[in-house]
1. How big, in percent, is the set of alpha carbon pairs in segment 2-201 lying more than 24 Å apart?
2. I'd like the distance separating the alpha-carbon centroids of segment 369-390 and segment 44-60, in whole Å.
3. At 222 nm, what helix-only mean residue ellipticity would the chain give, in deg cm²/dmol to the nearest 500, using -39500 (n - 2.57) for each DSSP H run of four or more?
4. Roughly how far apart, in whole Å, are the Cα centres of segment 277-341 and segment 189-226?
5. Give me the extension gain from residue 78 to residue 483: residue separation times 0.36 nm, minus the current Cα-Cα distance, reported in nm with one decimal.
6. Which three semi-axes in whole Å describe the equivalent ellipsoid of segment 6-113, each the square root of 5 times a Cα gyration tensor eigenvalue, listed largest first?
7. From the C-alpha gyration tensor of the chain, pull out the three semi-axes of the equivalent ellipsoid (sqrt of 5λ each), sorted largest to smallest, in whole Å.
8. Treating only the Cβ of Lys, Arg, Asp and Glu as charged (+1, +1, -1, -1), what charge dipole size does segment 403-448 show about its Cα centre? Round to the nearest 20 debye.
Amino acid sequence: MGTQVGVGAERSTSEIRRGVGAAIGVLAAGVALGTAELISAVFGPGSSPIVAVGGAAVDATPEWLKSFAIRTFGEHDKRVLLIGIAIVLGVAVAIVGAASWRRPRLAIGASVVLGTIGAAAAVTRPANDLGDMVPSIAGAAAGVLTSRLLMAAAGIPTGGPADTASSPAMRSFDRRRFLRAGVAAAGIATVAGGLGRLLSSRATAAASRATALIPTPADIGPLPPAGADLGVPGVAPFLTPNATFYRVDTALFVPAVDAESWALRVHGMVDHEIALGFDDLLARPMIERDITIACVSNEVGGPYVGNGRWIGAPLADLLREAGVHPDASQIVSRSSDGFTIGTPTAVVMDGRDAMLAVSMNGEPLPLEHGFPVRMLVPGLYGYVSAMKWLVDLELTTLDAYDAYWIERGWAKEAPVKTQSRIDTPGSRAQLAPGPIAVAGVAWAQHRGIDRVEVRIDDGAWEPAELGAEDTIDTWRQWVYRWDATPGSHALAVRATDGQGETQTGETVPPFPDGATGYHEILVDVM
Ligand SMILES: Nc1nc2c(c(=O)[nH]1)N[C@H]1C(S)=C(S)[C@@H](COP(=O)(O)O)O[C@H]1N2
Ligand SMILES: [Mo]
């Protein structure tokens, strides 16, 4: 049982009643706004009563007050306005809540008034229409419902006129019960509001992506040659479609960055800091290249590797303009959500096609793959090169800073290890005897693939046929025409890179600098 406050404790009771009533008003308003934010994610960011009333307030503010606000609060002026609105609203609903002991219908009246203000602001904002009233109306309804439930939990009579006419004494105030209900309401308000903000920022980023320009490259790299794709069913296509491209990142929610407000800062050990916006980046000469990227966490035979055609600005040129100090051995990149990657400067400057990419396979970068701008450095694992949602580049030394995964024990420098994968037949496949196409992909970015061999059981390594080479920065398909004989068989593959190094058969796990070992599968032929 919770703490019971008897009807007799008159003095303190009236104070508690007012406090409880005020809390109910604030909580109900919180749930109302949270609900409205969540629903505004469906109707568009402009339908949020907070955004609409805020916008209307800005428009209604006389010029002298606006310039006073900008003078006084600078770039925080909008935040000050929102805080002001929140305080006014909070005081109003607290007063209404405190009065609702005597006049329980007041909560409904207040909800109607506030909902109407929100709906009126939303529907009259430029570019809005009738549908934009829905979040405010739904929010008001949620506010009424919440205040009713909390009043019931607090023991406030919410019944008809007979009830209100009688003494509004606190029949039995169960403090624990009310606290539970209050915490639940606060939780709902926070989760709904947070989710609503999240969804609408995602909608803003998606809208930005939908209108983002794809620059015309000044330098178009080789197109995948005919024969890069061997056309064997079941093998990863030579260019990986965006929809099936692997995704690896620490982001719980895909960061929502819009191109219009995107900015990149290049700073640290440079002669001149550089700040550039998305249009500035697009105005730079662009290159278009096929580049295969891979994740260090990929197990032998795993899926975390893909090949895309990317358009971007050469990173080395930008760094030369910034004037990188000779001892600045590390480029630390940061994303909008605070993730960090460290890349050796020497690798980026050695002539390879390191770029700030804006386009992936003919489209603006998908949100999941780093819209609007990501970094790519052919030949390095993603965690030391491929920063998505990039917003900051800082030149420093390798000793001075450990990025996110380095702090967690992964290797500081991580060139991609030569690997090969059997895509078909699948592991444990049941096959008919006769000709079988054993096929897959092999990669050793920035060294290229010169040879792929297949071994059946304890037999000799037999050469596979290779797809035509695109560049040394891309993977190659391979196929081995096998005449399958009845029985269970182990099939293994190995690749040799462009420098004549054959991948090692020694099996090591991905930690700390990439897995090695042969991809081997078992099949049954019968
Ligand atoms: N912002 C950010 N960028 C990131 C990561 C991340 O967690 N956050 N992960 C990196 C890792 S480990 C890899 S393998 C690649 C994967 O890129 P993809 O998801 O586009 O395939 O992104 C890299 N860039
Ligand atoms: Mo990765």
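1. Details: 8944 of 19900 pairs.
Percent of Cα pairs beyond 24 Å in segment 2-201: 45.
2. With segment 369-390 and segment 44-60 each reduced to a Cα centre, they are spaced 36 Å.
3. The helix-only estimate for the chain comes to -11500 deg cm²/dmol at 222 nm.
4. 17 Å
5. On the way: separation 405, 0.36 × 405 = 145.80 nm, distance 7.21 nm.
Taking 0.36 nm per residue and subtracting the Cα distance, the gain is 138.6 nm.
6. On the way: eigenvalues 221, 66, 24 Å².
Ellipsoid half-lengths, sorted descending, are 33, 18, 11 Å.
7. On the way: eigenvalues 712, 182, 87 Å².
After diagonalising the Cα gyration tensor, the semi-axes are 60, 30, 21 Å.
8. On the way: 6 positive and 3 negative charges, 14 e Å.
Value, rounded to 20: 60 debye.
Values quoted throughout were computed directly from the atomic coordinates according to the rules given, and no laboratory measurement underlies them. Quick caveat, the model's predicted, so the values are computed rather than measured. Methodologically, a virtual Cβ is constructed for each residue, glycine included, from the backbone with ideal geometry; neighbour enumeration extends over all protein chains shown.
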